[in-house]
Amino acid sequence: MATHRIAAIPGDGIGAEVVAAGIEVLGVLQERTPGLSLTFESFPWGSDFYRTHGRMMPEDGLRRLKGFDAIYFGAVGDPDLPDHETLWGLRLAICQGFDQYANVRPARVLAGVPCPLVGVGPGDLDWIIVRENSEGEYSGAGGRVHRGLAEEVAVETSVFTAAGVRRIMRFAFALAHNRPRRHLTCVTKSNAQRHGMVLWDEIFAETAREFADVTTDKMLVDAMTTRMVLKPRSLDVVVASNLHADILSDLAAALSGSLGLAPTANLNPEQSFPSMFEPIHGSGFDIAGKGIANPIGAFWSAAMMLDHLGEGPAAATLLGAIEQVLAGRRVMPADLGGQATTAEVTVAVCGVLRGANL
């Protein structure tokens, strides 16, 4: 029996609360699943670490993480610190340092969860948004000169490499190939961004010829927002650049019920480095410490982590427990219209895993 070593980085705000809840749920799942063995080591990196050490994680942070099988991440961001320093100092440093180039964000209306779109329920909105996670608009290329002067200049350069675009397109096509509908939508803005996004479009078309069984279409990012709202049933798998998918996946989470539900996998598909799994809701400092954060996104991210580690049945069991709790509508977090605390939602999911009936 192999033991999966997990590095837990709770991070900032409600990240600490939902990661602790996720580890509790995974502990119960481990008790109930023969052959499942997980160990966790926690790293206290984030904004509090920054206040003491002047950096978000130690200089050898990536080296210390490299030997783990996966990373379970909470959130990063503090209203008293510059966002660009906290994000680049921890989360993006891990994503780029470990070449986690495929960011996968499912969005699905689950039974029991009210959808803000009229007439849309389970089965009507079931998407996976694939985000290029290593370059594009978040490449970090650029700089500032003549600081503090009237002629100060800031340059932010989007970087699209043929190798980077090609590998995310192949990943997205392969994912679509394994879905029942076998449909992939490419999001672009090549009418206005005439270099990088034109290359993006060209490689999408080139890759499509390798996957003849996958049907495709292409949407400008602004038109995509309206399609997501007005024609949710028309979408299946979506591939988009770093910035575009970042924004569209937040909209997708809101349309599926709440940002608190949404999971993320930051994958290094070749498994040369550990992949990282996190809810997308951020640090939520307005509710931190109140015990009301929705832990479902962290639980779903844990299920994605298990699946990535080759523990498919355990992942399905955990996702099934989440769905059973939400479908019962007796234990609903505040962001879904209920009054259940983080602890109460956690207890409910653990209860289902132990065989209790809600």
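Just so you know, all these numbers are worked out from the coordinates, no wet-lab data involved. Just so it is clear, the model here is predicted, and its values are computed rather than measured. Note that we place each Cβ from the backbone using ideal geometry, even for glycine, and neighbour counts take in every protein chain shown.
In units of 2.2 N^0.38 Å, what is the alpha-carbon radius of gyration of the stretch 126-255? Could the numbers behind the result be given before it?
Numbers: Rg = 16.1 Å, N = 130, 2.2 N^0.38 = 14.0 Å.
For the stretch 126-255, the normalised Cα radius of gyration comes out at 1.15.
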Debye log10 I(q)/I(0) at q = 0.21, 0.24 Å⁻¹ for the stretch 241-353, Cα point scatterers: -1.23, -1.40
Using the basic label-point model (7 angstrom from Cα toward the beta carbon), what is the Glu210 to Ala327 distance in nanometres? 3.8 nm
Candidate cut points under trypsin sites (Lys or Arg not before Pro) in the stretch 210-260, DSSP loop plus at most 14 other Cβ atoms within 10 Å of their own Cβ, are none
Checked against the positive end of the charge dipole of the stretch 43-197 (+1 on Cβ of Lys and Arg, -1 on Cβ of Asp and Glu, about the Cα centre), the farthest of His53, Thr188, Val153 is Thr188
Stretched fully, the stretch from Val159 through Arg194 gains (0.36 nm per residue minus C-alpha distance, one decimal, in nm) 11.3 nm
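What value, in deg cm²/dmol to 500, does the helix sum -39500 (n - 2.57) over DSSP H runs of n ≥ 4 give at 222 nm once divided by the residues of the chain? Write out the running numbers ahead of the final one.
On the way: 12 runs with 139 residues, N = 358.
Theoretical 222 nm ellipticity from helices: -12000 deg cm²/dmol.
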q = 0.21 Å⁻¹: log10 I(q)/I(0) that the Debye formula gives for the stretch 266-310, counting C-alpha atoms only: -0.74
Whole-Å distance, taken between Cα centres, linking the stretch 150-188 and the stretch 42-110: 22 Å
Work out the FRET efficiency for Lys290 and His53 from their Cβ-Cβ distance, taking R0 = 30 Å, and round it to the nearest 0.05. 0.60
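With only Lys, Arg, Asp and Glu charged, each at its Cβ (+1 for the first two, -1 for the last two), find how big the charge dipole of the stretch 126-255 is about the Cα centre; round to the nearest 20 debye. Numbers along the way, then the final one.
Details: 16 positive and 17 negative charges, 77 e Å.
For the stretch 126-255, the charge dipole is close to 360 debye.
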For Ser42, list long-range residues whose amide hydrogen, built 1.01 Å from N in the peptide plane, is under 5 Å from its own amide hydrogen. Ala8
For the charge dipole of the chain, defined by +1 on Lys and Arg C-beta atoms and -1 on Asp and Glu C-beta atoms about the Cα centroid, which residue among Leu117, His4, Pro79 has the Cα displaced farthest towards the positive pole? Leu117
Placing unit charges on C-beta atoms (Lys and Arg positive, Asp and Glu negative, everything else neutral), compute the dipole magnitude of the chain about its Cα centre in debye, rounded to 20. 740 debye
What residues qualify as long-range amide H neighbours of Ala340, i.e. H under 5 Å apart, gap of 5 or more or another chain, H built at 1.01 Å from N? Met332, Ala334
Of all DSSP beta bridges in the chain, antiparallel share, percent nearest 5: 45 percent
Answer check: the stretch 190-301, Cα atoms, Kirkwood Rh, Rg/Rh ratio of 1.02
Which distance in nm do the two modelled labels at Arg144 and Ser272 give, with both placed 7 Å along the Cα-to-Cβ direction? 3.3 nm
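Semi-axes, largest first, in whole Å: what does sqrt of 5 times each Cα gyration tensor eigenvalue give for the chain? Walk me through the numbers before you get to the answer.
Values: eigenvalues 187, 138, 83 Å².
Listed largest to smallest, the semi-axes of the chain are 31, 26, 20 Å.
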